[in-house]
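This report refers to the structure that appears directly beneath it.
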Amino acid sequence: MCGIVGYIGSSQAAPLLIDSLKRLEYRGYDSAGISVFNQGVLNTVKCKGRISVLEEKMSSQDLSGLAGIGHTRWATHGEPSDVNSHPHTSPSGRISVVHNGIIENYQALRAYLISKGYTFTSETDTEVIPHLIDYYYKGSITEAVSKAVSKMEGSYALGVLARDEPDKIVAVRKDSPLVIGTSDKGNFLASDVSAFLPYSRLVYYSDDNELAVIRGDSIEFLSAEGDPIPKTPVEITWSVDAAEKGGYEHFMLKEIHEQPKAIRDTMASRIVAGSPVAFESLKLSEDGIKSVEKIFIVACGTAYHAGVVGRTIIEKMTGIPVETDIASEFRYRDPIIPKNALMIVISQSGETADTLAAMREAKRKGASILAITNVVGSSVAREADNVIHTWAGPEIAVASTKAYVTQIIAILAFGLYLAQIRGSMSEEEIESVKGEMLNLPEKAEAVLSQKETLQKFAAQTYNHRDMFYLGRGLDYALAMEGALKLKEISYIHTESYAGGELKHGTIALIESGTVVIALATQESLREKMISNIKEVTTRGANVLGFTINKQGENFSDDGVASVVTATFSIPWTQPLLVPVLAVIPLQLFAYYVAVLRGCDVDKPRNLAKSVTVE
């Protein structure tokens, strides 16, 4: 959940570390700090609060030096405070560490180190790491780190500076993301490529249990046994501007408006009119695809909601039964995975801890794994049998937007691919769906141009404490995502319900003025959903209804506009494709409400972008 950075080279480290931390602040912003080596001393500055607070504290101190590490924290063990912030330093002052992850056996390690005379000042699990490295240090920081991590249980990505070996930074990871960038002015480590993208486009992806010894002019990878590991860097092709706001007030708003391009890019070369659906990188054989008996879709948060949409898409297209699971629950119900099962794991970052754990459990039980992720070289991408990359570009706002729509596009394309090989859809049916998919970017632009209804309804309702989202079928899956978006950035209590469940208890919460977001975009369920809307409006609810605009006109017989306070019309597309378009106004509504409430849209409280701990 936290962000770590490091730099060693020919430039002053502190300004580069601060700039890099600002690009990682979406990973955590409870506290921040840096350590810089200079003239035989590790100088550390850290404090509670945003990076701007750290900068102010740094202004009165000399932090010269050509090597350093930095950290931005999302608190797990120990409240946000100056003393609990990173970097953490050994009592001797010779070891400084930044850490992303959780050390599960830290209490046992802490007790052992106390018995050896070490003292602790923080409440964190991380503080055991520099102490343990210091305990094992006998003149080689690489060996000391290797011995220390062999005693640690849990997840970690570490950047380690040693006062007595100022020519190197040692980095190591296990179940937490770590990338290493190289340039002619020095080398970097970070939790995410975006941290050092302005300075380095050549990136090495570190694997679990590998040590990286980073010097100003070289990078060496070693196994746990100390053997060299050859690696080839990957060039990052997306622009620096893609990780900047580009004139938008917030990253979230920029990323919402980038969705037409992200949709188009994710379809590119895969969905082409008149040509078979193609995935050049997939290693699934036709026989293997034909033999799939069951599909599991496993993910967390927004990615899970994309998976709920994906369940309906794949079942409709292929007839294969699909089961969706929240990744954090999957392992603990001891799932029954039949022979010839395929698991689809979805993760924007490719580093989500629970998703990785579920994937590994399914793999252990014999399932074939297909990963859908936005990050080339991520843990999910490397460990899966097959990968579909969503070409969404960097997503900086904590609340996911374009990742969601590209995940659905990837599932749509894969569903067609399965149907094409299994013969569950005719060539004409596949071409019809592809044709509508190719129209989605233009229709997404049309949705983005219709903001007035959303802004007006947001202005009328932003001060409410509770809101309810209703839908049926795919609209219920959309309601789940819409409710999540609103609650995570506006802090309004929201719940999503299947329309048919209203009478089973939920309707007791509806009273005069209650705000309800009602989705009625699925033609086959429109009449039933109108009945559900009437049930809440009869009891005084204030309803924003979403419906389909067919050929430039609302359905004259849908009845939605006549029973709601306000209506938002979505351009017509085939029912299975509607979620790609309908989620956009839900994202915009959440954004406008959060802005009106004065919330920090890009950095909502208590949340971080990539959940790399269980």
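Would you check if Glu481 is in contact (Cβ under 8 Å) with a residue 40 or more places away in the chain, over 20 Å from Ala566 (Cα atoms), assigned to a helix (DSSP H, G or I) and open to solvent by less than 10 Å² (accessible area, probe 1.4 Å)?
Values: in contact (Cβ under 8 Å) with a residue 40 or more places away in the chain: yes; over 20 Å from Ala566 (Cα atoms): yes; assigned to a helix (DSSP H, G or I): yes; open to solvent by less than 10 Å² (accessible area, probe 1.4 Å): yes.
Judged against the criteria, Glu481 is a match.
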TODO: Kindly indicate whether Ile169 is in contact (Cβ under 8 Å) with a residue 12 or more places away in the chain, farther than 19 Å from Ser223 by Cα and open to solvent by less than 10 Å² (accessible area, probe 1.4 Å).
DONE: no
TODO: Have a look at Val240, Val234 and point out the one that is open to solvent by 10 Å² or more (accessible area, probe 1.4 Å), modelled with pLDDT under 90 and in contact with a strand residue (DSSP E or B) (Cβ under 6 Å, 6 or more places away or on another chain).
DONE: Val234
Task: One residue from Tyr469, Tyr462, Tyr497 being touching a helix residue (DSSP H, G or I) at 6+ places or on another chain (Cβ under 6 Å), over 24 Å from Ala299 (Cβ atoms) and among the hydroxyl-bearing types (Ser, Thr, Tyr) - done: Tyr462
Task: Index of the failed condition, Ser64 passing every other in (1) open to solvent by 40 Å² or more (accessible area, probe 1.4 Å); (2) assigned to a strand (DSSP E or B); (3) in contact (Cβ under 8 Å) with a residue 24 or more places away in the chain - done: (2)
TODO: Quick one: Pro321 ticks every box in (1) closer than 22 Å to Ala419 by Cα; (2) modelled with pLDDT under 95 except a single one, so which number is it?
DONE: (2)
Task: Residue list for segment 131-159, restricted to those being touching a Lys or Arg at 6+ places or on another chain (Cβ under 9 Å) and not in a strand (DSSP E or B) - done: His131, Leu132, Ile133, Asp134, Tyr135, Tyr136, Tyr137, Ile141, Thr142, Ala144, Val149, Met152
- [ ] Select from segment 484-503 the residues that are at pLDDT 90 or above and open to solvent by less than 10 Å² (accessible area, probe 1.4 Å) and list them in ascending order.
- [x] Lys485, Leu486, Ile489, Ser490, Ile492, Thr494
- [ ] For segment 297-306, indicate whether the set of residues that are within 14 Å of Leu370 (Cα to Cα) and not small (Gly, Ala, Ser) is non-empty.
- [x] yes
Task: Top-ranked residue in segment 27-43 [being farther than 19 Å from Ser96 by Cα and open to solvent by less than 10 Å² (accessible area, probe 1.4 Å); ranked as farthest from the chain's Cα centre (by Cα)] - done: Gly28
TODO: Determine which single condition Ala108 fails, assuming it passes every other condition in (1) among the aliphatic types (A, V, I, L, M); (2) surrounded by 15 or more Cβ atoms within 10 Å (Cβ to Cβ); (3) modelled with pLDDT under 95.
DONE: (2)
Task: Residue that is nearest to the chain's Cα centre (by Cα) [pool: residues in segment 321-333 that are closer than 30 Å to Val179 by Cβ and part of a strand (DSSP E or B)] - done: Ile326
Open item on the list: List the residue pairs whose Cβ atoms are under 8 Å apart, where the first residue sits in segment 427-455 and is at pLDDT 95 or above and open to solvent by 50 Å² or more (accessible area, probe 1.4 Å), the second is outside any helix (DSSP H, G or I) and among the β-branched types (Val, Ile, Thr), and the two are 6 or more positions apart or on different chains.
Closed with: Leu438/Ile271; Asn439/Thr573
Task: Total residues in segment 292-322, condition open to solvent by 10 Å² or more (accessible area, probe 1.4 Å) and within 18 Å of Arg364 (Cβ to Cβ) - done: 1
TODO: Look through segment 504-521, keep the residues that are under 20 Å from Gly473 (Cβ atoms) and at pLDDT below 90, and return whichever of them is most open to solvent (accessible area, probe 1.4 Å).
DONE: His504
Open item on the list: As an exercise: evaluate Tyr462 against (1) open to solvent by less than 40 Å² (accessible area, probe 1.4 Å); (2) farther than 17 Å from Val272 by Cβ; (3) in contact with a Leu (Cβ under 6 Å, 6 or more places away or on another chain) and give the number of the one condition it does not meet.
Closed with: (1)
TODO: Considering each of Lys48, Lys57 in turn, give the residue that is among the charged types (D, E, K, R) and buried (at least 19 other Cβ atoms within 10 Å of the Cβ).
DONE: Lys48
TODO: Could you list, in sequence order, all residues of segment 194-228 that are closer than 13 Å to Ile8 by Cα, open to solvent by 20 Å² or more (accessible area, probe 1.4 Å) and in a loop (DSSP other than H, G, I, E, B)?
DONE: Tyr199, Arg215, Gly216, Asp217, Ser218
Task: helices (runs of 4 or more DSSP H) contained entirely in segment 256-320, each with at least 2 residues that are touching a Leu at 6+ places or on another chain (Cβ under 9 Å) and farther than 30 Å from Lys485 by Cα - done: 286-290
Open item on the list: I need a count of the residues in segment 343-381 that are among the acidic types (Asp, Glu) and either under 14 Å from Arg331 (Cβ atoms) or modelled with pLDDT of 95 or more (or both).
Closed with: 2
- [ ] Inspect all residues belonging to segment 17-26 and state whether any of them is open to solvent by 40 Å² or more (accessible area, probe 1.4 Å), at pLDDT below 90, in contact with a helix residue (DSSP H, G or I) (Cβ under 9 Å, 6 or more places away or on another chain) and not in a strand (DSSP E or B).
- [x] yes
- [ ] For segment 99-107, indicate whether the set of residues that are β-branched (Val, Ile, Thr), over 21 Å from Ser31 (Cα atoms) and touching a Phe, Trp or Tyr at 6+ places or on another chain (Cβ under 9 Å) is non-empty.
- [x] no
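The values are calculated or read from the model by the stated rules, or taken from the named source; none is laboratory data. These numbers were taken from a predicted model, which means no experiment stands behind them. Backbone-built Cβ (ideal geometry, glycine too); neighbour counts: all protein chains shown. All accessible areas refer to the heavy atoms of the entire protein, side chains included, with ligands and DNA or RNA removed. Shrake-Rupley method; radii C 1.70, N 1.55, O 1.52, S 1.80 Å.
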